Structures are given as structure tokens and as C-alpha cells.
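Below is one structure, written out as C-alpha cells; the observations come after it.
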Number of protein chains: 2
Amino acid sequence: MKLKEFAKQLGLSPTTVSRALSGYPEVSEITRARVAEEAVRLGYRPNVNAVRLKTGRAGAIGVVMGRAGEFHFAEFMAGMAERLVPEDTDILVIPMADPDDDKEMELYRRLVESQRVDAIIMHSPRPDDARIALLHALGMPFLVHGRSDIDVPHAWLDIDNEGAVRRATAHLLDLGHTRIAMINGRPGATYALHRETGYRSALVSRGIAADPGLIASGNFTDELGFRFARAFLERSDPPTAIVAGSMMSALGVYRAVRSLGLQVGVDVSVIAHDDVFPYLSADNMAPSLSATRSSMRAAGTRCADLALQLIRGVSPLEIQEVWPVELILRESTGPVRR
Amino acid sequence: MKLKEFAKQLGLSPTTVSRALSGYPEVSEITRARVAEEAVRLGYRPNVNAVRLKTGRAGAIGVVMGRAGEFHFAEFMAGMAERLVPEDTDILVIPMADPDDDKEMELYRRLVESQRVDAIIMHSPRPDDARIALLHALGMPFLVHGRSDIDVPHAWLDIDNEGAVRRATAHLLDLGHTRIAMINGRPGATYALHRETGYRSALVSRGIAADPGLIASGNFTDELGFRFARAFLERSDPPTAIVAGSMMSALGVYRAVRSLGLQVGVDVSVIAHDDVFPYLSADNMAPSLSATRSSMRAAGTRCADLALQLIRGVSPLEIQEVWPVELILRESTGPVRR
DNA sequence: GCATGAATTGAAAACGATTTGGCTAACGAG
DNA sequence: CTCGTTAGCCAAATCGTTTTCAATTCATGC
């Protein structure tokens, strides 16, 4: 059923029907009602591609996905959907190429030129992220989930990674721990830097020098959590507490602690960052995991919302949001054992 | 840069340029080369929306996403991307509505009519899944990841859930276990039924009656894994082995076993299904987890491939694939303890 | 030297909507 | 009774491609 045909059935012109459906003011309320009603009855729906061609709007928001199958991603997208479904806006997944490669840049360029999306949401930027510069130069509305120091205006939403880790570390210090290890994310991303800054600043404020041997970086996997924690704990001067970057890392850390016959929360205190997953909760771990917490799903919803605002013309400069992070103390942290 | 303008720069007609770029045979090799080269140099790219309108092809495949943020999803999509990126086909995420609701049906209807996707990939169908009937009726190419008994032709790719669980259960029986519990997925989905069938048939073949009290169903979460396993093990006649539906369930089961002072692989044997995640591996659990294994990522890649075939006109009837599932024995399974 | 067919190329008509710029009728005001 | 204004509607142009149909060129065989 096309507009022309539908209009004929109604005894109206395509113009009027189009206007009625798009809510323009110059059509009488009574006609509008009739058109709307008949559209439902006859099942008329404007052809998206025609609308897109004519208006230049894509009706879709692109979200960049890492190729490693990050477990955060589904949760973030589910959050996006919450906001975007009622808006009738599509979610387009943009698989990342190698970020260091020129291909990645080429990919964005093509994406923008092809007008398949009205805005882009990207994750885990680096302090000097060429993608941001490019998207800005191309004039594509985009929202950064995370932050960048790059000298280009960009909208962003981030959590207070630095503050979160600082508080977590400070809490461990309060408990008497002085040798505190840290398992961070892949080096390069701003969030990893911020976390390290938070960690260091907490130590410094107590006059403790950070031991480079107690800092490790890598993907947020159970395996690396285990390997790093084992390596820390097998040192001659092992840490008494570990700050881990994710729930998966924490699983590995727990395992490492246990594997050495030690007890989490007693011999070794553990704090991790929890993005709040429906399938794995810090509360349910044994012992329950003290964690810095921030909902990935909520971030997805809000990012989608902000992207919509960008599309509607809000200036990127007005969109800069830092979310506070909760610190939830549970059983995995305890006073240092002498 | 539009086609018209680009063509003029080349001193050719839009027709020829279009043909050259789309690889039609009636344009000379030399012109084609020139056009291709200049297109890169001048940065001409056809407007996707115009192409879509004209050709009726959307250049995108839709994939249905549950709203619960299933952890499998990112992995599956990463797999899809592997196949779809080189094909220059977009991935559109279709958030699911309530499947029992009419809204879900309405959603598909609109999706199809709006011509936003050329094919749809859906997951976890039920034996009698109205969505399949609808998509078939609407004439939309679609691929089912999983299976359905519905009497409507549909293309599908599934793993051998029944065989996997049968073998897993049989292996436990071989080890002398006779009281074997099972933690299944949400009731209703075909895969859950198949798994239960596999479980029951293994028991029956040894003349053992399935105890309904040893079968539980629910989302694949750590929490439910724990709760179900606890409930099982606290019975007066506890099972000596547990078959779990996912890695997350297995985490919960491990926790439950430990919480009762029991030992996985010694007091209680555990087998789970492993979709192979980069961030959590059965091999690394402690004790390492015996598992039925099938790569979710590979499934995503293959599903994307099959969807492309459907688009190219291959009959759904020719696309029916069952993947065998590996059974990998590790430390979490051992002979029954008397 | 000419008809024939193959090899290339173009002009123009779609695709299905939105939107600009009229047009008509009705209503008050003068 | 006319004129200006407004509400409501419509015709036609447009978005940027693809594709049908027709035209042109060119070599080939006679």
C-alpha cells in the first residue's frame, strides 16, 4: 500500500495525507483523525527508505561494537533499546575495525557519507582519539561513552572512574592495607588512565608510593584476573588487597586467592567494578563482593537519550555528564591481617 | 558529491557510472577501471537511501535481541559481524517486545512492511512459535537460530541440544551417578525441551525414572544456578551430579556446592553447557568444568551466512543445519562417591 | 561498400515519500 | 457587497539512485 493509493482511497491528495500523518498544522483536526484511523485500518505505513531519501534522516543511531564480544555490550544495548524503541529509532551495530588501522577511519568516513545513521555512540575512547576528531570534522552528531582529552568539542557521558577507584583504594587503606594491587583494563583507554589516577592519588594522599609491580592491565577476563592475581600473590611481598576492573576479573581474582589456600576478605581483600549484570551479581558471590557500582544499562538508556538530543540540535558542548559511582561494601573487604 | 555531478566530471552519463560501479557487464573494462579509480579519488559514494529506495533492498539484516541483556548476545553478534562486514551489510538490532503480547507481532509486521531489513535472525523459538508463522506469511526471509516444530517452512541452524545433554547425562551415569539433577533454561523454548528430552532419554535408557524434583528451569543466571543447586543438595535425597544449562548457571552451582562444604568433582559432579566466551572459560574454572561446548560466535557467523543465502534466493527448506556439540571432560566430573 | 550484430553508452522513467508554492472556499470586517 | 485573511487542500517538483529502452559506434562478413 503506497501513499498514492492510500490517499486515493481516502479521497485526499498525497500531500494532505502525508501532512496529516506527520502532524503538520495545516490539516484539519477532523481529517487528521480520519487519516490516522484509516491508516491503521488499511495498514498503510510510509516506506522508510523513501522517507529517508527525501528527508535525509536515517531514523537510526549507530553504536560501535568491539569485535571481542565484550560482555558489557548486550547490557548497554538493552538500555539503549529502552529509550529508542518508543522513539521508533533503529539501532545499527557498527563493528569496529582495528582502531589503530586506517581502516577504522575509512569505516567512519563511509558510514557518515552513506547517511545510514543520524548519530553515533562510541565507547572507551582514548585521551587523544582520532575517531573523535574525524567524526567532528565530518559533522556527524556523536556521543562518547567515556571521555577524551582531545581538543575537539564532543558530547560525552562518563562515570567517575577516578573517584570510584580512589574511594575503593582509600577504603582499603582505611582498613590498614598498604600493599594494594590493581588490575586495570587495556592500557590506552581514558577510563583506564582515570582509574589508575584514582588509585595513585589515594595512595599518594597517604604517603604511599605506588609499586609498578602491583599494577597490571589487560582485557577484562576471568583468565587475566586469575593470572594477574596469582602473579601478585606469589611475590615475596604480596599485596593484601586487590582492586579489580570488572566482575569477570573479580571471578579470576577470587579463584587465584582460593587456589593459594587464602581467603577472600580475610587474607586478601578484593574490590571490583560492577556494571550490574542480570546474570552475575556481586551480592551473590562468595564471599559477597565489595564493589564500585554503576549500571551499564542505565548508561545505555541515557546515552541513547543524549544522542537523540544531539540529533535535535542540542550543542555537544552542553552534553557532558559525569555519573557518580556507588561504593558498596560487602564481605570481600576486611581489615588487613598482620 | 552526487552521481550526476560525479558523472559529469567524468564526462560520462549517470547510467554508465552506475553500471560501472555495480559491476554490470555492458560497460567496458577500461571505463570501469577509470570510474572506480575516480570514485575513490573524488570520494564518490552512492547514497544508500536512494539505492535502497530504488532497489528495494535494505542492505541490512535484523537480529532480534531479548530485553534481558543476555550475555550470549554480544558474542553472537560479533560472529555475525565477521561475515557481514566484508559483505557491507548492516546489522540492525531488533529489541524484542513481550513475546506473548500482540505487540511483538505488530512489531514484526511493521518491521517487514517498512523494508528496513532484508532478512531477520531470531533466537530461542518455541515449538509452536507464532513469530515464525507470521514472518513466513509476510514473505520475509528469516533464519531461526534454534528450532521449531511449527508446520511452516523455515530456515534454521541449531545445535544438537538433545544429543549434548544426553551424552552429558550418559557420561554421569557411566560414572555411577544415578541421582542427576538438571538446571534448564526458561521453559517454553524448544532448546529447553530438547535438553530435557536428552536428559530423560539418557536416564530411561538406563532404566532410571526422572525425578521431577531434580529438574529446575529459569534464566541462565548465577543466582538461579545457586538457588536451584542449593535446593537440590539440601534435599534428603540429594543428587550426586548436576547438569547445568550455561556457564553462569555453573558458577552458581559451584558456589552452592562449596557453600555446603562439598567439593565439585568429588562430592558433586557438574557438567554445564559452554557457549565459549572470551571472558570466562570452562577450562579456567576451579575445578575445571566439564562441559558440552559449541561456539556461539561461530553460530553467529554461520547464521549471518545463511541469512545472506536466503536473501539470494536459496529456499528456506534447504537451510536446516544441526551442529554437533562437543563434550569436554574436565575435573568437575568424577565417579560417584558412596 | 554495406548490412549485421556485438559492444558501449545515454535519456528518461521509475522508486515512494516530503514539501514548496499555489489554489479555493469560507469568514469577518469595512 | 467587496476585499483581505485564513483554513484546508492539492499539483508538481524533488531526493539520488537504478534500469528499461533506444541510440550510437565499431568491427566483421559478404
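The values are calculated or read from the model by the stated rules, or taken from the named source; none is laboratory data. All figures in this text were calculated on a predicted structure; none of them were measured in a lab. Ideal geometry is used to build each Cβ from the backbone, glycine not excepted, and the neighbour counts take in all protein chains shown. Keep in mind that these areas ignore ligands, DNA and RNA; they rest on the heavy atoms of the full protein, side chains included. Shrake-Rupley method; radii C 1.70, N 1.55, O 1.52, S 1.80 Å.
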Ratio of the protein assembly as shown's C-alpha Rg to 2.2 N^0.38 Å, to two decimals? 1.06
Area hidden from solvent between B and A (accessible, protein heavy atoms only, 1.4 Å, total, Å²): 4600 Å²
Based solely on its DSSP helices, what 222 nm [θ] is calculated for chain A when runs of n ≥ 4 H residues each add -39,500 (n - 2.57) and the sum is averaged over all residues, nearest 500 deg cm²/dmol? -13000 deg cm²/dmol
Whole-Hz ³J(HN,Hα) for each residue in the range A:261-276, computed from phi via Karplus 6.51 cos²θ - 1.76 cosθ + 1.60 with θ = phi - 60°, x for glycine and proline: what do you get? x, 9, 10, 5, x, 10, 7, 10, 8, 9, 10, 10, 9, 10, 8, 6
Largest-first semi-axes in Å of the equivalent ellipsoid built from the Cα gyration tensor of the range B:42-169 are 28, 19, 13
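Give me the 1.4 Å probe accessible area per residue for the protein assembly as shown, excluding ligands and nucleic acids, in Å².
42 Å²
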Counting only residues 5 or more apart in sequence or on a different chain, those whose built amide H sits under 5 Å from that of residue A:293 are A:274, A:326, A:327, A:328
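Please compute the volume of the convex hull spanned by the alpha-carbon atoms of chain B and report it per residue in Å³. Working shown, then result.
Numbers: hull volume 52.5 nm³, N = 338.
Each residue corresponds to 155 Å³ of Cα convex hull volume.
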Work out the mean other chain Cβ neighbour count within 10 Å for the residues of B:113-121 and drop it here as an integer. 3
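Order A:310, A:138, most accessible first, counting only protein heavy atoms with a 1.4 angstrom probe.
On the way: A:310 15, A:138 55 Å².
Largest to smallest exposure gives the sequence A:138, A:310.
Residues of A:276-284, mean number of Cβ from any other protein chain within 10 Å of their own Cβ, rounded to a whole number?
Taking the mean over all residues of the peptide, I get 6.
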Which distances in nm, rounded to one decimal and ordered from shortest, link the label point of residue A:87 to the equivalent label points in the other identical copies, with labels set 7 Å from Cα toward Cβ? 2.9
Among the aspartates and glutamates, which have Cα under 12 Å from the Cα of residue A:2 when same-chain residues fewer than 8 positions away are ignored? B:113
Over the range A:161-295, what is the mean sequence separation of C-alpha contacts under 8 Å (at least six apart), divided by residue count, expressed as relative contact order in percent? 24 percent
If each label sits 7 angstrom from Cα along the C-beta direction, how far apart, in nm, is residue A:267 from its counterparts in the other copies? 2.0
Tally up the carbon and sulfur contribution to the accessible surface of the range B:2-134 as a whole percent, 1.4 Å probe, everything protein left in place. 51 percent
Collect residues whose amide H, placed 1.01 Å from N in the peptide plane, falls under 5 Å from the amide H of residue B:142; neighbours closer than 5 in sequence don't count. B:120, B:155
From the label point of residue B:102, set 7 Å along Cα to the beta carbon, how far off in nm is each other copy's matching point, shortest first? 5.7
Apply the Karplus curve 6.51 cos²θ - 1.76 cosθ + 1.60, θ = phi - 60°, to the phi angles in the range B:324-337 and return the couplings in whole Hz, x for Gly and Pro. x, 10, 6, 10, 10, 8, 10, 8, 7, 10, x, x, 5, 9
Of the cross-linked pairs A:54/A:103; B:4/B:54; A:54/B:4, which ones have a Cα-Cα span greater than 23 Å in the structure shown? A:54/A:103
Each residue of the range A:85-92 in turn: what ³J(HN,Hα) in whole Hz from Karplus with 6.51, -1.76, 1.60 and θ = phi - 60°, glycine and Pro shown as x? 4, x, 8, 6, 10, 7, 10, 10
What aspartates and glutamates could a cross-link reach from residue A:8, if we take a straight Cα to Cα line under 19 Å and drop same-chain neighbours fewer than 8 places away? A:37, A:38
Excluding ligands, DNA and RNA, the carbon-plus-sulfur percentage of the accessible area of the range A:166-270 with a 1.4 Å probe reads 52 percent
Of all DSSP beta bridges with both partners in the protein assembly as shown, the antiparallel percent, nearest 5, is 15 percent
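I want the antiparallel fraction of DSSP beta bridges within the range A:161-295, as a percent rounded to 5.
Of those bridges, close to 5 percent are antiparallel.
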Scan around residue A:182 for amide H atoms under 5 Å from its own, H built in the peptide plane at 1.01 Å from N, and keep only partners 5 or more places away or cross-chain. A:215, A:216, A:243
